[in-house]
Amino acid sequence: KGFGFIQPDNGGQDVFVHISAVERAGLSTLNEGQKINYEVEQDRRTGKSSAGSLSKAG
């Protein structure tokens, strides 16, 4: 698909994540239910938020 959404543990709004952010983190894919650390980044051009700086949790 090339994109998906991360559901925060705190129950907040889901965060968009693009496959390029996953690949930059050295991961090949994210699986449903997988715990991941991330930072919410904002695109300077569009103003849209997405997940970046991904790493495996735990």
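Tabulated results
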| quantity | calculated |
| --- | --- |
| Among residues of segment 8-37, those that are assigned to a loop (DSSP other than H, G, I, E, B) and under 17 Å from residue 48 (Cα atoms), counted | 3 |
| Long-range neighbours under 9 Å by Cβ, at least six apart or interchain, first residue in contact (Cβ under 8 Å) with a residue 24 or more places away in the chain within segment 14-30, second buried (at least 16 other Cβ atoms within 10 Å of the Cβ) and assigned to a loop (DSSP other than H, G, I, E, B) | 17/30; 22/30 |
| Segment 20-43: number of residues that are exposed (fewer than 14 other Cβ atoms within 10 Å of the Cβ) and either out of contact with any helix residue (DSSP H, G or I) (no Cβ under 8 Å at 6 or more places or on another chain) or more than 18 Å from residue 2 (Cα to Cα) (or both) | 13 |
| Test result for residue 41, modelled with pLDDT of 95 or more, in a strand (DSSP E or B) and among the charged types (D, E, K, R) | yes |
| Top-ranked residue of segment 44-58 - restricted to ones that are out of contact with any strand residue (DSSP E or B) (no Cβ under 6 Å at 6 or more places or on another chain) and outside any strand (DSSP E or B), ranked as nearest to residue 1 (Cα to Cα) | 48 |
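The values are calculated or read from the model by the stated rules, or taken from the named source; none is laboratory data. Computed from a predicted structure; not experimentally measured. Cβ sites come from the backbone with ideal geometry, for glycine too, and all protein chains shown count toward neighbours.
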